[in-house]
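The values are calculated or read from the model by the stated rules, or taken from the named source; none is laboratory data. Fair warning: this is a prediction, and the values are worked out from it, not measured in the lab. When we count neighbours, we look across all protein chains shown, and the Cβ atoms used for this are built from the backbone with ideal geometry, even at glycine. Heads up: the accessible areas ignore ligands, DNA and RNA and are worked out on the full protein's heavy atoms, side chains in. Shrake-Rupley method; radii C 1.70, N 1.55, O 1.52, S 1.80 Å.
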Amino acid sequence: MREETGIVTRVTGPDRADGANPTDPTAPTTADFVPPAPKPATPRRARRRSVLRPYVWLPATVVLVVLAVAWSAVARAHPYILPPLGEVAATLAADPTLFLENAWATLSIALVGVAVGAGTAFVLAVVVSEFQVVRRAVMPFAVVLNVTPVVAIAPALVVAFGFGMTPKVVVTAIVTFFPVLINVATGLRSVPLPVLHVFRTLNASRWEVLLRLRIPSSLPYTLAALRVVLPLSLMGAVVAEFVAAGSSGGLGTMIRNSASTARLDYVYAGVVCLAAMGVLLLGLVALVERRLLFWHDSRRSGRA
Amino acid sequence: MTAGIEVHGLTKRHPGARPDRPALQGIDLRIPHRHFVSLIGPSGCGKSTLLRILAGLDRPDTGQVRLLGRSPREASRRKAIGLVSQTPALLPWRTVRQNVALPGKVNRRAGKEIDSPDELLRAVGLEDSAHQYPHQLSGGMLQRVAVARALGLRPDVLLMDEPFSALDEFTREALQYQLLGLWQRRATTVVFVTHSVREAVVLSDRIVVMSARPGRVHEVLDVDLPRPRDRKVVKGPHMHDLEDRVRDSLQSAWKAGAAPDDLVPL
């Protein structure tokens, strides 16, 4: 009954007060129960309010609680498989500077690697999309590089470049290179034909088409690539640290060393740090996207 | 005196199409400068292909095209061609005003100044939207921006490919009169591709009816409605006469061409 009335009041909308059956005793409570129809206020405010609604945050919270309970059950039964959550938290709290320093070591490798890998990929994508010859010359090797498991090259890189930052940056750069190359190359070609025709009839130079049309059009693709590649860069850095035995710092080194001494609380504390960094990087990309892509369909369709 | 647009013996085959059915065959056209000409015809008659060739976006297999005595390439080097397509083709990351100013920013070597963007926007009645972005505007407004952008260069030739076909009828009619007003003042040669008989009659001095498979000029009809045209002029029996003549011509053009391959046999 209640639900039925709820639907009716919603449909009638503005004249809800008059439309509600006055003889129906449940009518006033129903009217209270129905959430006020959200006015299309400023979209940002609407979004902020929606986060507070239980149907937005509750499902994830329930899953989180279930996972935590399951984890604790396993940890209690088999302490050598999973450490208790409290222990992980205590480890993190006991020496936060240790984790921060190592996290920073890994993060800086990841970021330098992304800068090098994604930067090179971007420039190459531009060159490849402008010159067919280069495309045919380079793309096969880029694909081969992509399908080669980088972990397999990592030991050789350590031999070649030593235990410093260089081999790790190279691994991270290789991991992040390909997604950016493919995405940006696609984006540069995704220019709507009518717009290109307008540029052509104005006899715009290749450079002008690139700068004023192709690169801005590729921005959504570039940022989508960064969304993939930034978390990937963390993985690249950690893998490189695993491989470069005897390297000085970084969460990867720390996790490997702790695992070999069965300090699972340190291992998972390190993993927590990595996860937090990944989320942070994703948030950063989302922020940049909101700033730069206000004009793009993907930004707008969700708000309507 | 040089014509606004001259086309001689133009042929165009699309690669991969049937060789006996060129997209355009033996097109001869002479459009006096400052005339408003519509291209109309069944789909597949090559009117958009012809427009692309006029714009220098596509090359003919044989034949010659002259825009005020110049080839399309030369004309575009001088920024003498304005193009408005079916979609507004604006840059979504630029404001309306920046979009209108775009032709002045590229190919500066042409040494051609554009009209002030603010004036152009006023001319199409969009001065209040100057700082909005395309996604904030309606379809009709966007197409007005595209027209303003094309007119800013004071082009010798304005090429329009079904510019209003995606709009609702009211907006469409309003834009037709607005376009006529702008054209009256700037007096360039306009080639206007359309599917609508009424639109062709309302706007044009001359209507080129084309037939399909192969694409040919079927008939050229003069529209002797007085200018400037307003809603009063385009009412009445003469208007209907003209529309009927164009429709008849389209009928016979349809019969003249081979049936399309994709037509479902009854």
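Quick check on packing: order A:166-176, B:163-173 by the mean number of other C-beta atoms within 10 Å, highest mean leading.
Order by mean packing, descending: A:166-176, B:163-173.
Return the carbon/sulfur percentage of the accessible area of segment A:120-191, one whole number, probe 1.4 Å, all protein chains in place.
Values: 2690 of 3510 Å².
The nonpolar share, carbon plus sulfur, comes to 77 percent.
What average count of beta carbons from other chains do you get within 10 Å of the Cβ of residues in B:130-138?
Details: counts 0, 0, 0, 2, 1, 6, 2, 0, 0.
Mean number of neighbouring Cβ atoms from other chains: 1.
Per the 1.4 Å probe, what fraction of the accessible area of chain B, in percent, lies on carbon and sulfur atoms?
Values: 5950 of 12190 Å².
For chain B, the apolar C and S fraction of the accessible surface comes to 49 percent.
With 23 Å as the limit, write out which pairs from B:12/B:47; B:47/B:105; B:47/B:232 have Cα-Cα distances beyond it, or answer none.
Working: B:12/B:47 12 Å; B:47/B:105 30 Å; B:47/B:232 30 Å.
Table pairs above 23 Å Cα-Cα are B:47/B:105; B:47/B:232.
Using a Förster distance of 30 angstrom, determine the FRET efficiency expected from the C-beta separation of residue A:108 and residue A:228, and round it to 0.05.
Working: r = 20 Å, r/R0 = 0.68.
So the FRET efficiency works out to roughly 0.90.
In square angstrom, what is the accessible area per residue of chain B with a 1.4 angstrom probe? The partial results should precede the final answer.
On the way: 12190 Å² over 266 residues.
For chain B, the per-residue accessible area is 46 Å².
When every alpha-carbon pair in segment A:115-245 is counted, what percent end up more than 26 Å apart?
Values: 2686 of 8515 pairs.
Here the tail beyond 26 Å accounts for 32 percent of pairs.
Highest first, please rank the peptides A:144-156, B:103-115 by the mean number of other Cβ atoms sitting within 10 Å of their residues. Don't skip to the answer; put the middle values down first.
Working: A:144-156: 13.2, B:103-115: 16.2.
Result, highest mean Cβ count within 10 Å first: B:103-115, A:144-156.
Spin-label point model (7 Å from Cα, Cβ direction): what's the residue B:255 to residue B:109 distance in nm?
With each label placed 7 Å out from Cα toward Cβ, I get 5.4 nm.
If I stretch the segment between residue B:206 and residue B:135 completely, what's the gain in nm (0.36 nm per residue apart, minus their alpha carbon distance), one decimal? Present the calculation step by step, with values, prior to reporting the outcome.
Working: separation 71, 0.36 × 71 = 25.56 nm, distance 3.58 nm.
Full-extension gain reported as 22.0 nm.
Taking each residue in B:103-113, count the Cβ atoms of any other chain within 10 Å of its Cβ, then average. What number comes out? If you can, show how the numbers build up before the last one.
Details: counts 5, 1, 4, 12, 7, 2, 2, 2, 0, 1, 0.
For peptide B:103-113, the averaged partner shielding equals 3.
Across peptide A:231-237, how many C-beta atoms of other chains are within 10 Å of each residue C-beta, on average?
On the way: counts 0, 0, 0, 0, 0, 0, 0.
Per residue, the average neighbour count from other chains is 0.
Kindly tabulate the residues in segment A:157-203 with an accessible-area decrease of at least 30 Å² between the chain alone and the assembly of all protein chains, using a probe of 1.4 Å.
Residues meeting the cut-off: A:194, A:195, A:197, A:198, A:199, A:201, A:202, A:203.
Nearest 100 Å², what total accessible surface is buried between chain B and chain A (probe 1.4 Å)? Write down the numbers at each step before the final one.
Working: alone 13170 and 18630 Å², together 29790 Å².
It comes to approximately 2000 Å² buried between B and A.
Which of the listed residues, B:207, A:142, B:63, is farthest toward the dipole's positive end in the protein assembly as shown, when Lys, Arg count +1 and Asp, Glu count -1 at the beta-carbon?
B:63
Distance in nm between label sites at residue B:166 and residue A:93, each 7 Å beyond Cα in the beta-carbon direction?
5.9 nm
Tell me, what is a quarter of the convex hull surface for the C-alpha atoms of the protein assembly as shown, in nm² with one decimal?
Details: hull surface 161.9 nm².
Across all orientations, the protein assembly as shown yields a mean hull projection of 40.5 nm².
Return the calculated 222 nm mean residue ellipticity for chain B, to the nearest 500 deg cm²/dmol, obtained by summing -39500 (n - 2.57) across DSSP H runs with n ≥ 4 and dividing by the residue count.
Numbers: 8 runs with 89 residues, N = 266.
Computed mean residue ellipticity for chain B: -10000 deg cm²/dmol.
Could you sort A:231-238, B:137-144, A:91-98 so that the peptide with the highest average Cβ count within 10 Å comes first and the rest follow in order? Please list the in-between numbers first.
Numbers: A:231-238: 24.6, B:137-144: 20.2, A:91-98: 13.1.
Those peptides, ordered most packed to least, come out A:231-238, B:137-144, A:91-98.
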